[in-house]
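The structure appears below as structure tokens.
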Amino acid sequence: MKTNIENPKYNSNDFSFIYRYYAGFSTSFVSEILSGYNLDNLALLDPWNGSGTTSRVACQLGVKKVYGFDINPIMSVIASGELAEYDENTKLDLKQRNYLMNRDILQDPLEQWFTKTSVKNIRNTELNIRNAVLLEESAYEVNYLAIFPDFYELLILNHKLAYTYLVLFEVVKKLTEKFKSTNPTWIKIAKSPNEKIKITQNEFQKLFLSELEAKNGILEKKTRNLKKEVQLGVSDSRTLPLEDESIDLTITSPPYCTRIDYAVATRVELAVLGMSSNSDFESLRKQMIGTTKVTNSEYFQREIPSKTAILFLESVYNHSSKASKTYYYKQFIQYFEGITDSILEISRVTKKNGKVIIVVQDSFYKDIYLNISQVFKELFNNNGWKTLEKKDFTKKQTMATLNKNSKVYRDISNPVETVLIFERMN
Ligand SMILES: C[S@@+](CC[C@H](N)C(=O)[O-])C[C@H]1O[C@@H](n2cnc3c(N)ncnc32)[C@H](O)[C@@H]1O
């Protein structure tokens with residue numbers, strides 16, 4: 001079967017989804033691929049589902065079984081909210097009840113940016129939202145706060161409630177904008193109490209309702225789901241909650257090796273969900289592939305079956321710059337090991353002759369080029385997969401990309417994305 005491959009690059013003019021996420025791939029990339037398959041019998045997986053482009057498009061097109069996992073609970077909540085559908089009740093009838101007093105707020109993570117009274121106002125609004133959504137489904141009111149980590153499971157199952165949380169995330173993110181740093185994924189916290197944001201319940205509720213109206217406009221135009229069976233969840237790509245040989249097709253993009261800290265990028269959203277302790281946050285960071293946290297006590301815990309990866313690691317080790325031998329070398333080993341183990345797991349859950357379509361992005365460490373598509377090719381090929389196709393996508397060529405000798409100075413903000421297609425042979 002011929003697979004149609006479009007440019008996977010995220011399209012900033014795409015308004016077919018609710019919550020913007022910088023590491024997503026394009027909607028039409030996924031729909032073009034799926035147009036070549038018989039969707040009635042397809043079991044589709046994205047083990048690094050992120051904001052859920054794969055699961056959203058697959059549900060809209062009516063893929064029989066859709067599985068989307070991510071280690072970061074925020075990502076699964078986003079993917080869940082993206083499956084919400086418009087109905088008359090999406091315009092929430094919010095009450096103004098006060099469930100909580102200041103003294104009820106103990107060590108709320110939102111206090112990193114908001115005063116205690118403002119946190120109480122936000123949490124009271126949150127409870128009013130939850131009750132407005134849940135009261136349609138159950139007859140009792142909830143008057144306690146979300147306690148991480150149980151609560152996100154409800155959000156992952158309840159797409160409409162998740163959708164209202166995406167609105168909540170948006171409002172809190174806009175309010176905390178002044179704490180953003182020059183690194184787009186990093187957010188500072190208030191250094192002193194007078195730097196903290198003050199907001200009344202009435203003001204917060206108004207902001208929420210106007211954001212909800214804006215998002216309802218997008219939701220109303222969204223293609224309806226023909227979905228059959230969908231399972232979203234929080235799971236590590238190295239231990240997927242799936243049976244052996246149960247998947248026909250995987251469409252995915254792995255965590256990149258570009259020192260983006262995906263957990264930090266969702267710090268505000270995690271705080272909204274009540275991730276209260278720093279140790280929970282740090283333990284999430286540690287589990288993320290590509291994390292900037294190095295936990296390897298020893299080098300090489302397992303074989304990395306890629307010559308290109310090994311040569312790259314040697315170059316990093318021998319690089320003259322500070323910390324190359326210690327920190328960076330270990331960080332890259334950790335990344336390749338995480339990817340190697342994930343590929344083994346994808347192999348386990350894929351049927352014979354099943355396919356993987358994967359988008360990878362190249363990068364540099366200092367002046368050393370990391371040919372990541374070659375690394376993935378070797379890792380798959382050495383695990384019993386055949387390469388069916390490889391296609392590179394670049395934005396317009398710049399002077400730096402034209403001059404082969406100036407690779408070092410190539411615009412890193414304009415990386416090459418490669419789509420690779422593999423078939424499982426044994
Ligand atoms: C490049 S993004 C995927 C973006 C996705 N295609 C989309 O449309 O939004 C990679 C994702 O891998 C996730 N991730 C990192 N380490 C993981 C792990 N060990 N297991 C599962 N997911 C992980 C990150 O949270 C991130 O959302």
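For the residues GLU303, GLU314, the requirement of being among the acidic types (Asp, Glu), part of a loop (DSSP other than H, G, I, E, B) and surrounded by fewer than 17 Cβ atoms within 10 Å (Cβ to Cβ) singles out GLU303.
Among residues of region 278-294 that are in contact (Cβ under 8 Å) with a residue 24 or more places away in the chain, those with a Cβ under 6 angstrom from a residue that is near the ligand (Cβ under 10 Å from one of its atoms) and aliphatic (A, V, I, L, M), sequence gap 6+ or separate chain, pair up as LEU284/ALA263; ARG285/ALA263; GLN287/ILE71; MET288/ILE71; MET288/ALA263.
On the basis of being touching a residue at least 60 places away in the same chain (Cβ under 8 Å) and either touching a Cys at 6+ places or on another chain (Cβ under 7 Å) or closer than 30 Å to ILE421 by Cα (or both), does ASP244 make the cut?
Details: touching a residue at least 60 places away in the same chain (Cβ under 8 Å): yes; either touching a Cys at 6+ places or on another chain (Cβ under 7 Å) or closer than 30 Å to ILE421 by Cα (or both): yes.
It is true that ASP244 is touching a residue at least 60 places away in the same chain (Cβ under 8 Å) and either touching a Cys at 6+ places or on another chain (Cβ under 7 Å) or closer than 30 Å to ILE421 by Cα (or both).
The residue pairs whose first member lies in region 23-39 and is buried (at least 22 other Cβ atoms within 10 Å of the Cβ), whose second member is of a type in the set (Lys, Arg), and whose beta carbons are closer than 8 Å, counting only pairs six or more residues apart or on different chains, are PHE25/LYS9. Scan region 386-394 and tell me whether some residue there is β-branched (Val, Ile, Thr), closer than 28 Å to ILE251 by Cβ and modelled with pLDDT of 90 or more. There is at least one residue in region 386-394 that is β-branched (Val, Ile, Thr), closer than 28 Å to ILE251 by Cβ and modelled with pLDDT of 90 or more. Does region 239-251 contain at least one residue that is in contact with a helix residue (DSSP H, G or I) (Cβ under 7 Å, 6 or more places away or on another chain) and either over 30 Å from ASP40 (Cα atoms) or within 8 Å of the ligand (Cβ to nearest atom) (or both)? No, that holds for no residue. Exactly one residue among LYS322, LYS286 is over 22 Å from SER373 (Cβ atoms), charged (D, E, K, R) and more than 25 Å from the chain's Cα centre (by Cα), and that residue is LYS322.
Once region 352-385 is narrowed to residues that are closer than 15 Å to TRP48 by Cβ and part of a strand (DSSP E or B), the residue that is modelled with the lowest pLDDT is GLN361.
When you check THR295 against the structure, is it farther than 30 Å from LEU44 by Cβ and outside any helix (DSSP H, G or I), yes or no? So THR295 fits the description; yes. Taking THR295 as the residue in question, decide whether it is within 20 Å of the chain's Cα centre (by Cα), of a type in the set (Ser, Thr, Tyr) and within 16 Å of the ligand (Cβ to nearest atom). Taking the combined requirement at face value, the residue does not satisfy it. Within region 251-288, the residues that satisfy the criterion of being in the same structural domain as PHE364 (by TED's automatic domain parsing) and touching an Asp or Glu at 6+ places or on another chain (Cβ under 7 Å) are ILE251, THR252.
The values are calculated or read from the model by the stated rules, or taken from the named source; none is laboratory data. Here the structure is a predicted model, which is why all the values come from computation and not from measurement. Heads up, the Cβs are rebuilt from the backbone with ideal geometry, glycines too, and the neighbour counts pull from every protein chain shown.
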